[in-house]
Every structure is written in structure tokens, then in C-alpha cells.
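Asker: Quick one: the structure is below, questions incoming.
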Amino acid sequence: MASARVPLDVTLREATQRKLRRFSNLRGKPVAAGEFWDIVAITAADEKQELAYRQQLSKKLKRKELPLGVQYHVFVDPAGAKIGNGGSTLCALRCLEKLYGDKWNSFTILLIHSGGYSQRLPSASALGKIFTALPLGNPIYQMLELKLAMYVDFPPHMNPGILVTCADDIELYSIGEFEYIKFDKPGFTALAHPSSVKVGTTHGVFVLDPLNSLKHRDLEYRCCHRFLHKPSIEEMHQFNAVCRPGNFCQQEFASGDTAYLQLDSEYVYTDSVFYMDHKSAKKLLAFYEEIGTLNCEIDAYGDFLQALGPGATIEYTRNTSNVTKEESELVHMRQRIFHLLKGTSLNVVVLNNSKFYHIGTTEEYLFHFTSESSLKSELGFQSIAFSILPDIPECSCKASCIIQSILDLRCSVAPGSIVEYSRLGPNVFVGENCFISNSYIITKAVVPAYSFVCSLSLKVNGHLAYSTMAFGVQDNLKNNVKTLLDVKLLQFFGVSFLSCLDIWNLKITEELFSGNKTHMSLWTARIFPVCSSLSESVITSLKMLDAIKNNSPFSLNSYKLFSIEEMLAYKDVEDMIAYREQIFLEISINKKQSDLEIP
């Protein structure tokens, strides 16, 4: 009798764990030629971010947390206008040319876009999205290690060229035991994942040539007629991007976290990472050298991929509905890119048993790390990762998540909360659904439920100082207003920002905000005290929250106040890394002692 088919979620979990084991075996060891990437490059938004990335890479290599014999680089965007991930791609190509000349035409290269300041996940703002911690591995993985692990099978089956990815998403897939993904065709090759039509409106969508077979396989190589970037549902139907179950109604699909894909529903194939061969990369580099300076944002997906395939048309170049400035220059630049790439093929690797996860927001992190999410199961996320702490009770649906932290036996962390790179003393109570990062709370304290607390080391006038951002996990830091009269539209911890200012005894003036006075937001509000010690900083910011929760006055007039924007400008990367290193060493010593005590 034939054996029963293994459920797809099981095969996906097993394939993911195999990749993790393979990468774990490569950490800290020299890799053979062709076994791994020749170059891993990370993009940074500015020189401060570049410095932070270089220092963290150096620390990882010294601790042998990454494969050795690989060239790791950080490429910073030029100063001036924001250039988007497409502009960053062009800039990275120029950097490669300067570093390696013609040699890079024989390299396999992973390019990870990690510029920007992560306003939806501010704990990643100071040291970068690609260096955000995960409850996995020993030493713990950050997003960089996870990216390298998930793509560990790619380099041996890739022609010279560049794989482009972003720092805040995860792609999981399962294919046949003796199959592998090949990047060996000229032009561009993209991965595609089955998704609901609704998900397609926020992603890139492939219009694929018809499938010859009557049965879907886990791995399919398809040609793409054209690419649609964040299309409407009507557009997906109009351009024949929507697949209907029909004869394939028995096909099982994995489903990511964005929406459950019903077996009998319409679906589309959405994008994630893409590869371009060396010839295409050289064509883009020559274009960049010709234009000299970019003064508008270029999207690597919307502006490169939409130009590809035999069905590509120029109409998309004039769609500036999501653009706030530089419209005329953007349209001109898009049109030049269209004509440059027109006629280039777009090949698609369809992964029918795959999932795409985005974890670029605080709420996404809280969900995937503490609830019974599919991602937690597939990656083997731990509730306690490389930490010292008491036994914390778990409820059936949620757990807390502690990452590289030291907690006193008498402290308490409620389910649904994350604590990373922190020390919590006795008599500290963390409410549910909180995010605590880089903090030190040694005195008696209560962190209200749904709080976001993240401390930064600062260098102010040559002196070390500290400031702690504290707000609600659901607060929108990007929401901005243009006039002081509209400040009342901002919300802090579910309360009108005007009411908060009154409680803190702060006046509404332009001086209350840093940066552009026509884009005033919680990100630019000067409301966070600067203190001489880390513990004082955290406690003071918690008093701010407590005052809002209890509607009781707490004056901030006597403090020097920074906005989050200013904190990042004054951040002391060395001190923050040293603080994490101190916690790491203390946990390592504790674990060694515990191992010795075991008979």
C-alpha cells in the first residue's frame, strides 16, 4: 500500500530545519570555493548606519558567528536625496566595480537592502533591521544569519550575478529531495509564492505564461509575460494574473502570515527576492555611471521588474500615486530604465510550497515571537533564547520571549511580551504585549501592558548619556502633521498628544519638534529625557508612561529632551554594542558554570 502523503506544513518545517542545520555547520569555518556566497553586501542609509553595521559585522566575525572566507561589505547610499532600494542597488554595483574591477563578473553576490530607520520597529533603528535579534540559535541568530541560512542552497547553483533581498522579510520553501533552485538563465530570475488576491495588492504580482502540465509541482520554472507592482484586484484580473483552481482544486498551498489561502479560492503569484545575471548588472551600472547623481527614489521591484518580460508597457512609469515629490524627474528616470531594460527576460521560479513573512513592524514581531504562529513552529523559535531567568509560566496561546537577557528570579514578564538585550532586577513587572530592548531596570518598576521601551546610548558634547524611547506598541510614529494646530491629531499611547503635553508640563511650540517643521510627528517630538545613567533613563521614561496611564502630572521641564530622530543622530554605537557584549559574556560564564555543576 502506498504511504500517505506528508502534509505540506510538515515538509516545509523539515526543509527549513535542514537549512538551519546546514548553515549552523558553516558558522565560524572557512567555506570552500563555490560552496557559499563570494560576497555578502549590506546597504546602509548614511555614514552613521554604515559605521554601526561595520562594527557589528566585525564582532560577528571575531566570534565566528558567520562563515569565513567570504567578503562582507557595507555600502552606504550617497548623501543627499533618498534614492530607494533601486538607487541603493545601483550604488552597490558601483561600489563593487570600484573594489573588484572586472573580477566581480565571476562572483555570486547577496545584496541585502537594510537602509532606512525602521520607524515601524524602532528597536531596529539604532543598529539596523538586519541586526535585529531572533529567539533562535546559540549564539543567537539575527536577521543576517537567518537570511544566510534560508538561502544556503542557492550559491552552488547560481551563475555569476546578484541576488537582491530586503532585511525584514523571510522566505521559507520546500522542494523535492533531489531538486534545487537554479539561477542560471540570462536576465532576471525571481522567486514566486502563491498568495491570495488581497495580498497581491501590496506586493509585486507575476503574469505567468500558461502552465503546460495539469498538475502543480512544488518547484516550477516559468516564463513571465509581465510584472505588476502593487496592482488593484481589477488590474490583476485584467492582465490575467489571477489563477483559478479549476483542475487544480486539490492542490495544497502553504499560506504565509498575511492571509490564509483557501484551497478553492483564486490566487496570484507574488514576489520576494530576485536575481540578475552579471550582464544585466553591468547594463544597470553603465546607466548609473551615465546619469551621475540620482535625485529621486527608485524601487528595485517596481522600477526594474516592471520593465521586464515581453508584455511590459511604459504606462506604469507615469503612475505617481504613491509619490509625494520629484514626480517629473521620477517619471523621466522610470522611462529611461524602461527603455534600458525592455526586452530583458524575466524568469520565475514558482515555489508552490512556500511562505513569505514580513516582520518589519513591532506588532508582527510580537505576534511571531510569542503566539503559536506558523513561523515560530517552522523556524523553531524559543521562548527563552540564550538568557538567564526564572521559570516564567506560559499560557496555552501565548508565551513571553526572552532573548540574550538577564532577569532576576523575582521579576515577572507577562505572556505576549518580548525582552531583548536587557537586565531586569527584582520587583520589576512587565505587562502583556510589551517590547523591551537594550534596557536596564534595577529598581521597582511596572511596565504597563502594550508598552514599547527601548534605550539608546548617546554621545552628547563628548559625554556618554542615555535616553529611552517609550510609547505604545500601536502608536504610529510616522503619522505627521504640518502645523502646530494639527498636533491634536497625533496620538500617544491611545491619548491625544495635546493631553500628554499638558500632563508633562510641556508647551506646544515649534521647538518641541526636531527636523522638518512641516512634518511633525512622535518621531520628531522632543519628549524623551536625556539622563546620565541607563537605569535612570529607563525609569524616567516609565514615569512618563505612568503619568499618561494614570492622568497624573509628571513635569519634564527640568530635563534635556531629545526626539527619536535626535537620539539616532547622537547614538553611541560602541557603547550599545559593549552593553550587549557584557550581557553575552555574563550569560556565557553562567552557562559554563551550570554545565560544570551537572553531574
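Asker: Angle check, please: helix 534-550 long axis (alpha carbons) against the longest principal axis of the chain (alpha carbons), in degrees 0 to 90, nearest 10.
Answerer: 90 degrees
Asker: Then there's this: With every protein chain kept in place and ligands, DNA and RNA left out, what is the accessible area per residue of segment 380-585? Probe 1.4 Å, answer in Å².
Answerer: 41 Å²
Asker: I've got another one for you. Pop out the ³J(HN,Hα) list for segment 364-376 in order, Karplus 6.51 cos²θ - 1.76 cosθ + 1.60 with θ = phi - 60°, rounded to Hz; leave Gly and Pro as x.
Answerer: Coupling constants for segment 364-376: 5, 4, 4, 5, 6, 8, 10, 9, 7, 7, 4, 4, 4 Hz.
Asker: Using θ = phi - 60° and the Karplus relation 6.51 cos²θ - 1.76 cosθ + 1.60, list the HN-Hα couplings for segment 513-525 in order, rounded to whole Hz, with x at every Gly or Pro.
Answerer: My calculation for segment 513-525 gives 10, 8, x, 5, 6, 9, 9, 8, 8, 5, 5, 9, 6 Hz in order.
Asker: Given points 7 Å out from each Cα along the Cα-Cβ axis, report the Leu99 to His332 separation in nanometres with one decimal.
Answerer: Inter-label distance under the simple model: 3.3 nm.
Asker: Another one. So if R0 is 35 Å, what FRET efficiency would Gln582 and Leu51 give, r being the distance between their Cβ atoms, rounded to the nearest 0.05?
Answerer: 0.95
Asker: Please list, ordered by chain and number, the residues whose modelled amide H lies under 5 Å from the amide H of Phe75; skip anything fewer than 5 residues away on the same chain.
Answerer: Distant-sequence amide H within range of Phe75: Ile42, Thr43, Ala44.
Asker: While we're here: Starting from the exponent 0.38 and prefactor 2.2 Å, build the expected Rg for the chain from its residue count and divide its actual Cα Rg by it.
Answerer: Dividing the Cα Rg of the chain by 2.2 N^0.38 Å gives 0.99.
Asker: Would you mind checking which residues have amide H under 5 Å from Gly204's amide H? H placed 1.01 Å from N; only 5 or more apart, or other chain.
Answerer: HN-HN under 5 Å from Gly204: Lys230, Asp271.
Asker: If you don't mind, there's one more thing I want to ask. Roughly speaking, what is the stretch gain from Asn557 to Lys29, that is 0.36 nm per residue apart minus the C-alpha to C-alpha distance, in nm to one decimal?
Answerer: 184.7 nm
Asker: Can I ask one more? Which order do you get for Lys560, Lys103 if you rank them by accessible area with a 1.4 Å probe, largest at the top?
Answerer: The residues order as Lys103, Lys560, largest area first.
Asker: What does the net charge come to around Ser439 if you take all other residues with beta carbon closer than 10 Å to its beta carbon, with K and R at +1 and D and E at -1?
Answerer: My count for the surroundings of Ser439 gives 0.
Asker: Students often forget the sequence filter, so: which aspartates and glutamates lie under 15 Å Cα-Cα from Lys282 once same-chain residues fewer than 8 apart are removed?
Answerer: Of all the aspartates and glutamates, those that pass the test against Lys282 - Cα under 15 Å, at least 8 places apart if same chain - are Glu97, Asp102, Glu290.
Asker: With the cut-off at 1.5 for a/c, could you classify segment 17-73 from its C-alpha gyration tensor as rounded, prolate or oblate?
Answerer: Note, shape of segment 17-73 comes out prolate.
Asker: Taking the Cβ-Cβ separation of Leu61 and Ala81 as r and a Förster radius of 35 Å, what is the calculated FRET efficiency to the nearest 0.05?
Answerer: Once rounded, the FRET efficiency stands at 0.60.
Asker: Could you tell me what fraction of 2.2 N^0.38 Å the Cα radius of gyration of segment 112-178 comes to, as a two-decimal ratio?
Answerer: Cα-based Rg divided by the globular estimate yields 1.27.
Asker: Once you order the gyration tensor axes a ≥ b ≥ c over the Cα atoms, which shape class does segment 279-344 get: rounded for a/c under 1.5, otherwise prolate or oblate by comparing a/b with b/c?
Answerer: It is oblate, given that a/c is not under 1.5 and a/b is not larger than b/c.
Asker: Pull up all non-local amide H partners of Cys166: gap of 5 or more, or a different chain, and H-to-H distance under 5 Å with H placed in the peptide plane.
Answerer: For Cys166, the qualifying residues are His113.
Asker: Okay, next question. Would you mind getting the Kirkwood hydrodynamic radius of segment 1-128 from its Cα pairs, rounded to one decimal in Å?
Answerer: Result for segment 1-128, one decimal place: 17.0 Å.
Asker: For segment 380-585, take N as its residue count and report Rg(C-alpha) divided by 2.2 N^0.38 Å.
Answerer: 1.03
Asker: In whole Å, largest first, what are the principal axis extents of the Cα atoms in segment 518-577?
Answerer: Here the Cα extents, ordered largest to smallest, are 37, 34, 19 Å.
Asker: From the phi angles alone, apply the Karplus equation (6.51, -1.76, 1.60; θ = phi - 60°) to segment 479-488 and give each ³J(HN,Hα) in whole Hz, x where the residue is Gly or Pro.
Answerer: Whole-Hz 3J(HN,Hα) from phi for segment 479-488: 4, 10, 10, 9, 9, 5, 5, 8, 4, 4.
Asker: Need the list of aspartates and glutamates near Lys98 for cross-linking: C-alpha distance under 14 angstrom, and skip anything on the same chain fewer than eight residues off.
Answerer: Glu289
Asker: Regarding segment 437-507, what's the average projected area of the Cα-atom convex hull, expressed in nm²?
Answerer: 6.7 nm²
Asker: Now a separate question. Where does segment 455-560 land on the Kirkwood hydrodynamic radius, alpha-carbon pairs, in angstrom?
Answerer: 14.2 Å
Asker: Under a crude label model (7 Å from the Cα following the beta-carbon direction), how far is Ala449 from Lys592 in nanometres?
Answerer: Going from the Ala449 label point to the Lys592 one covers 4.3 nm.
Asker: Please go through the residue pairs Lys488/Lys517; Lys60/Lys82; Lys64/Lys459 and name each one whose alpha carbons sit more than 20 Å apart in this structure.
Answerer: Cα-Cα > 20 Å for Lys60/Lys82; Lys64/Lys459; rest within.
Asker: Continuing with the same structure: Take the Cβ-Cβ distance between Lys198 and Ile314 as r, set R0 to 25 Å, and report the resulting FRET efficiency rounded to the nearest 0.05.
Answerer: Once the sixth-power term is evaluated, E becomes 0.35.
Asker: Compute the length gained on full extension between Glu235 and Gln474: take 0.36 nm times their separation in residues and subtract their Cα-Cα distance, giving the result in nm to one decimal.
Answerer: 82.8 nm
Asker: Here is a further query. Taking the alpha-carbon distance from Lys444 and a cut-off under 19 Å, which lysines remain once sequence neighbours fewer than 8 residues away in the same chain are dropped?
Answerer: In chain and number order, the partners are Lys543, Lys549.
Asker: Counting only helical runs of four or more DSSP H residues, what would the 222 nm mean residue ellipticity of the chain come to if each run contributes -39,500 (n - 2.57) and the total is spread over all its residues?
Answerer: So the calculated ellipticity at 222 nm is -9000 deg cm²/dmol.
Asker: Along the charge dipole of segment 410-505, which of Pro415, Asn438, Asn479 sits closest to the positive end, that is, farthest toward it, with unit charges on the beta carbon of Lys, Arg, Asp and Glu (+1, +1, -1, -1)?
Answerer: Value: Asn438.
Asker: Next up: Once you have the Cα-Cα distance between Arg217 and Glu177, take 0.36 nm times their residue separation minus that, and quote the gain in nm to one decimal.
Answerer: Result for the pair: 13.1 nm of gain on full extension.
Asker: So the label point goes 7 Å from the Cα of Glu536 along Cα→C-beta, right? Which residues of segment 549-582 then have their backbone N under 11 Å from it?
Answerer: The answer is 560.
Asker: Whenever you get a sec, line up Asp169, Asp546 from highest to lowest accessible area (probe 1.4 Å, protein heavy atoms).
Answerer: My answer, sorted largest first, is Asp546, Asp169.
Asker: With the dipole of the chain worked out from charges on the C-beta (+1 for Lys and Arg, -1 for Asp and Glu) around the Cα centre, which of Tyr173, Phe107, Gly80 lies farthest toward the positive end?
Answerer: Comparing the listed Cα positions along the dipole, Phe107 ranks first.
The values are calculated or read from the model by the stated rules, or taken from the named source; none is laboratory data. Since this is a predicted model, take the numbers as computed values, not measurements. Using ideal geometry, Cβ is built from the backbone for each residue, glycine included, and neighbour counts are taken over all protein chains shown. Surface areas here come from the heavy atoms of the whole protein model, side chains and all, with no ligands, DNA or RNA. Shrake-Rupley method; radii C 1.70, N 1.55, O 1.52, S 1.80 Å.
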